[in-house]
C-alpha cells in the first residue's frame, strides 16, 4: 500500500455503516434489558439454573453440585456456565429474574469488546461494522446463549492476551472460557490452535500453554460427559447436534480472523465485502435456526400460562412430584413455573432431553414414563399444534388401559389442557 492509497478502513461509507450498527446494538440491548424474562430458545434454561443456584447459595450457604429438580433427579447444577451462573446467583436477591437478562446482555457486550481488543485491526469503518454484524454475537443475545457469550468473550480476551505476549494470562482466560462452555468453546479453541500452529514460530510454547488451559477445563469436560442429556439421544444425534451448534458459533472467531486477513491484503474494495459476508451468514441462518422467532421474543412480553398457573395453585398439584410438561408457544416458561411451584421435571431444559418425538407404540411410551419416574403429565393442546407428535394419542390409550405397566387418569382438566396422574406401580 502506497502512502497515497487510502487505508482499507477508510473506504467511503464505512464510518456510516459502523455508526448504523453501533446505534442498532444500543437499541437492541436496551430493548432486551427492558424484559425481566426474554422468552427466547435458551433463556429459560439460564433462569432455571441461576434461580436454583441462588436458592442454595443464599439459603444454605453452598454451591449445589446436583440439581434433583431436573432430569428425574439426575441433573447437575452446572452442565456449563459456572462463571456466569454463579455470579448471577450472587446478585439474584437484588434483581431476581432480571439478573439473568442483564447477564446475557453483559456477555454479549463482552463479545463485542473482546472482538475489538483481540483484533484491533478491525477498529474502524467497514471492518468494524462487519464485526458488529457477526451473527454469532447477534444470535448469542437473541437466543439467550448466556454461557456461550461469556465463554466466547473470555476466549476473545485470551486471544488478545496471547497477541500481546501475555502467555499465562492467555492460558488462564482460555482455560476458564473452555470450562464455562466446554461442549462448544473447547472445540472452537482447539480448532483455532490447530489452524494457528503451522504459522507460528512458538509452536511448543503454544502447545504447552494450551495444554494448561485444557487442564483447567477438565472438570467441566467431565460434567458435560456426565449430564443426563447424553443418555437421551443416540451417538449419531449427538454428532449432528454438535455440528449444527458448532457451525454458527465458530464464527465468533472465524469471521474476525477472516476480516483481519482481508484487511492485510491491502485491497480497498474488500472492505465493504466484509460486511456483506456477515450479513449473508445472518441471512443463511434466518430460516434454519428460526431466528425470526427470537427477534419476536424482544417484543413479546409474557407467555400464556394462566391455566397452568391456576393448576399449580390447586390441590391436584403435588410439590415434589415429577412432571412431564407438554406445552409450546411459551418459551419454556411453563416449565420454569412448575419448578418454582415446587415440582420436578422429567427432563433437563435442553430440547434433546425432552423426548419430543413420535413413539413407536404405547409400550415404548409407557417405558419412558417408567424410566423417568413420571408422576403426572401436564398436556396442553399447543404441544400437539406445534410438535405434531403422537404422545397425546398414547396418553388417551393409557387412560383406557392399553398397557399393563402404566395407567393414567385425568386428575384435572380445562379448555385445551389435561393433567394426567400416572400409576407406575407395575413398572
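The values are calculated or read from the model by the stated rules, or taken from the named source; none is laboratory data. Please read all numbers here as calculations on a predicted model, not as lab measurements. Ideal geometry is used to build each Cβ from the backbone, glycine not excepted, and the neighbour counts take in all protein chains shown.
Data for the structure
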| item | result |
| --- | --- |
| Elements of type helices (runs of 4 or more DSSP H) in region 164-270, at least 1 residues being under 24 Å from residue 146 (Cα atoms) and at pLDDT below 95 | 203-226, 235-249 |
| Count - residues of region 388-405 that are in contact with a strand residue (DSSP E or B) (Cβ under 8 Å, 6 or more places away or on another chain), at pLDDT below 95 and either assigned to a strand (DSSP E or B) or surrounded by 16 or more Cβ atoms within 10 Å (Cβ to Cβ) (or both) | 0 |
| Candidates 104, 115, 87, 108 - the one that is within 26 Å of residue 218 (Cβ to Cβ), in contact with a helix residue (DSSP H, G or I) (Cβ under 9 Å, 6 or more places away or on another chain) and assigned by TED's automatic domain parsing to the domain that holds residue 262 | 87 |
| Complete set of residues in region 58-70 that are more than 23 Å from the chain's Cα centre (by Cα) and not in a loop (DSSP other than H, G, I, E, B) | 58, 59, 60 |
| Per-region count, region 56-73, residues crowded, with 17+ Cβ neighbours inside 10 Å and touching a residue at least 40 places away in the same chain (Cβ under 8 Å) | 4 |
| Lone unmet requirement of (1) closer than 19 Å to residue 427 by Cβ; (2) surrounded by fewer than 21 Cβ atoms within 10 Å (Cβ to Cβ); (3) without any contact (Cβ under 8 Å) to a residue 60 or more places away in the chain for residue 356 | (1) |
| Count of residues meeting criterion [out of contact with any strand residue (DSSP E or B) (no Cβ under 7 Å at 6 or more places or on another chain) and surrounded by 13 or more Cβ atoms within 10 Å (Cβ to Cβ)] in region 415-427 | 2 |
| Residue tally, condition surrounded by fewer than 21 Cβ atoms within 10 Å (Cβ to Cβ) and under 16 Å from the mean Cα position of the chain (by Cα), over region 87-108 | 3 |
